[in-house]
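A.B. asks: Take a look at this one; I'll ask things after.
We did not get these values from a lab; they are worked out from the coordinates using the rules stated. For clarity, every value in this text was computed on a predicted model and none was experimentally measured. Here Cβ is always computed from backbone atoms with ideal geometry, including for glycine, and neighbour counts include all displayed protein chains.
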Amino acid sequence: MIIEGKQERFAGVLLHPTSLPGVSGIGDMGYPAREFIDFLAGAKQSLWQICPLGPTGYGDSPYSALSAFAGNPLLISLELLMEDGLMDHSVLERFEQCPDYYVDYGFVIPTKVSILRDMGAIFMERASESLINERNQFCADEADWLEDYTLFITIKNQCGGSEWTAWEPDLVARKPEALDRARKENAEAIEVEKTIQFLFFRQWRDIKAQANARGIHIIGDVPIFLAHDSADVWANQELFFMDETGRPTVIAGVPPDYFSDTGQRWGNPIYRWPRMAQDGYAWWVQRIRAMLDKVDVIRLDHFRGFEAYWEVPAAEETAINGRWVKGPGAPLFKAFHEALGHVPLIAEDLGLITAKVHALRKELGMPGMKVLQFAFGEDPHNLYLPHNAVTDCVVYTGTHDNDTTLGWYQKLPDKTADHVRRYLWSDGKTIHIDLLRAAWMSSACMAIAPMQDILGLDSDGRMNAPGAPGGNWQWRMTWDQLHAAQESALGYMTELYGRALRPEEDDGEMEARFNPDLAADE
């Protein structure tokens, strides 16, 4: 079993922390995160799935982070910093005009980062001795990645946010004398960035501990590829196919398919897998070890790339003229096991997957993914339909890349919508509940729904529309969208289908559904 223990069937909710309510214009790791854990426990959920927690770059996507190891400063709770005596309550006045239902990154990023850096500059003056000692121990323990990241982000800030390939050549090439000079000239700013990272990890580890204490496992994502403009690529250039200026010679993507006649040109640099194999995939082992400090279960994004990936010459404008290249395969995962023991992994195996990819997943004992929004269209043999779900899979109503269930249903062609209703034995009025029920009653070992589906939101609640030029990653929930009836109904359904965190006697409200009107009637 992917999660060791007696329980064999699990249920959970997908909600990235940026989507939580909060007082600084974006969800954070403060009291709303704790209230959300209370909701999960009350609804008998045992899983909380999140997106990557790294600091985001252009486009605000957590899947294009500036570091595979660092935390996103925007998630730091200012309220908790106030309790530690590190800042005054007045800073919250700057966020009073922020909307509750979406993140205005254009305002939140400069405002919150400025507040955090001001706080970091006086941290040693205001922090207690024990907090300072804790911070210094963190810096020593995490030095392997922290030194490179804090130097990277400091230089990047000095250069107006430009990509590292635009820095002075000696810094691009990481010549020791240039790095030493940069560290000395920016010593104070680097220490501030270290403090910010310490506070992020201090708060997140507390969140994880509180979730685990309630029996809730956190699922986190590891994208297979890294953003080129990241501390990891800059610090480990020898591990990627790049020229002497630091620019990729080949990049990742996917070939032409029914979604795109020209394929997808992602632009991520590609690993020199044979070079990584020489030291037992040490960098990847370090990455997975660091992830297991943040989460309990790891979902590997684009799992098929570990078997074979689509390599595109960097000079190509589209992904048409690429080729399939063998990935590291099972030896990479053997290295994880030898270094870390049992690593709970989920394979994101969506799309056109070959027999070899399925064979690798099964050889490694990983559950794959089934998304119910991909299931309908009359074919009873569609592998995403609930009756075709196998035990070793995680079934989703939708993911962060999908429309909400209600928004998806409203846009379906009439014929497909009719199939959905007939299959679910539904009149379509509560389609988000009916699809969730189909997921929960399936044979899959895990069933997960985005929070938007539990709230019954339409397309206004969509988190990400791949390929859209803007407006992604902004959605936030508000507490007035969540009602006691929803928690009760989700808990009842979870218990009914054997996925409950803590089965209890029926409390007489077993007919409660995800209907705000019920809560109003109570």
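A.B. asks: Ranked from highest to lowest mean number of other Cβ atoms within 10 Å per residue, what is the order of the peptides 426-434, 362-370? List each step's numbers first, then the result.
C.D. replies: Numbers: 426-434: 17.1, 362-370: 18.8.
Final packing ranking: 362-370, 426-434.
A.B. asks: Between segment 1-61 and segment 369-441, how many Å separate their Cα centres?
C.D. replies: Segment 1-61 and segment 369-441 have Cα centres separated by 23 Å.
A.B. asks: How many nm is it between the label spots at Asp379 and Ser128, if each spot is 7 Å from the Cα in line with the beta carbon?
C.D. replies: 6.1 nm
A.B. asks: In nm, what is the difference between 0.36 nm times the number of residues separating Gln237 and Glu83 and their Cα-Cα distance? Can you show the working numbers first?
C.D. replies: Values: separation 154, 0.36 × 154 = 55.44 nm, distance 4.14 nm.
Full-extension gain reported as 51.3 nm.
A.B. asks: Between their Cα atoms, which of Lys208/Lys334; Lys194/Lys294; Lys156/Lys184 are more than 22 Å away from each other?
C.D. replies: Lys208/Lys334
A.B. asks: Could I ask something else about it? Sorting check: for 396-406, 247-257, which peptide has the highest mean count of neighbouring beta carbons within 10 Å, and how do the rest follow? It would help to have the intermediate numbers written out before the result.
C.D. replies: Numbers: 396-406: 23.2, 247-257: 18.3.
Listed from highest to lowest mean packing, they are 396-406, 247-257.
A.B. asks: Suppose every Lys and Arg Cβ carries +1 and every Asp and Glu Cβ carries -1, with no other charges. What dipole size does segment 21-175 come out with about its Cα centre, to the nearest 20 debye? Walk me through the numbers before you get to the answer.
C.D. replies: Working: 10 positive and 24 negative charges, 69 e Å.
So the dipole magnitude of segment 21-175 works out to roughly 340 debye.
A.B. asks: Given the chain, what percent of its DSSP beta bridges are antiparallel, to the nearest 5? The partial results should precede the final answer.
C.D. replies: Working: 15 of 41 bridges.
Approximately 35 percent, going by the DSSP bridge assignments.
A.B. asks: Where does each of Thr154, Thr245, Thr18 land when they are ranked from fewest to most other beta-carbon atoms within 10 angstrom? Could the numbers behind the result be given before it?
C.D. replies: Numbers: Thr154 21, Thr245 9, Thr18 26.
Result, fewest neighbours first: Thr245, Thr154, Thr18.
A.B. asks: Could I have the simple spin-label model distance between Gln278 and Thr478, label points 7 Å from Cα toward Cβ, reported in nm to one decimal?
C.D. replies: Spacing of the two 7 Å Cα→Cβ label points: 5.7 nm.
A.B. asks: Can you give the translational diffusion coefficient of segment 314-386 in µm²/s, computed by Stokes-Einstein from the Kirkwood radius over Cα pairs at 20 °C and 1.002 mPa s? Before the final figure, lay out the partial values.
C.D. replies: Details: Rh = 15.2 Å.
For the chosen part, D equals 141 µm²/s.
A.B. asks: Quick one: in segment 1-73, what % of C-alpha pairs are over 18 Å apart? Working shown, then result.
C.D. replies: Numbers: 1324 of 2628 pairs.
Result for the distance tail: 50 percent.
A.B. asks: For Lys356, give me every one of the lysines with a C-alpha distance below 17 angstrom, ignoring sequence neighbours fewer than eight places off in its own chain.
C.D. replies: Cross-link targets: Lys326.
A.B. asks: Let's see if you can work this out: charge +1 on each Lys and Arg Cβ, -1 on each Asp and Glu Cβ, no other charges. What is the dipole magnitude of the chain about its Cα centre, in debye to the nearest 20? Walk me through the numbers on the way to the answer.
C.D. replies: Numbers: 47 positive and 77 negative charges, 302 e Å.
Magnitude of the dipole: close to 1460 debye.
A.B. asks: Also, I was wondering about something else. Could you tell me the distance between the Cα centroids of segment 244-311 and segment 106-148, to the nearest Å?
C.D. replies: So the two Cα centres are separated by 30 Å.
A.B. asks: Would you be so kind as to identify all helices of the chain, as entire DSSP H runs, whose Cα atoms reach 27 Å or more along the helix's own axis and whose mean Kyte-Doolittle hydropathy is at least -0.5?
C.D. replies: Details: long enough: 187-213 (39 Å, -0.28).
TM-like helix candidates: 187-213.
A.B. asks: Hey, another quick one. Could you compute the FRET efficiency for Ile3 and Val325, with r as their C-beta to C-beta distance and R0 at 30 Å, rounded to 0.05?
C.D. replies: On the way: r = 33 Å, r/R0 = 1.10.
Using R0 = 30 Å, I get an efficiency of 0.35.
A.B. asks: Reachable aspartates and glutamates from Lys175, Cα under 14 Å, same-chain residues fewer than 8 places away excluded?
C.D. replies: The reachable aspartates and glutamates, counting only those whose Cα sits under 14 Å from Lys175, are Asp148, Glu238, Glu244.
A.B. asks: If amide H atoms are built 1.01 Å from N in the plane of the peptide, which residues on other chains or at least 5 residues away come under 5 Å of the amide H of His217?
C.D. replies: Leu47, Trp48
A.B. asks: Which one of Thr249, Ile224, Trp204 has its Cα pushed farthest toward the positive end of the charge dipole of segment 195-296, where Lys and Arg give +1 and Asp and Glu give -1 at the Cβ?
C.D. replies: Projecting each Cα onto the dipole axis, the largest value belongs to Trp204.
A.B. asks: Quick check: pseudo-label points 7 Å beyond the Cα along Cα→Cβ at Leu496 and Ser162, how many nm apart are they?
C.D. replies: 6.1 nm
A.B. asks: Please list, in chain and number order, the residues 5+ apart from Lys370 or on another chain whose amide H is under 5 Å from its amide H, with Hs placed from the backbone.
C.D. replies: Under 5 Å from the amide H of Lys370 lie the amide H atoms of Val394, Val395, Tyr396, each far enough along the sequence or on another chain.
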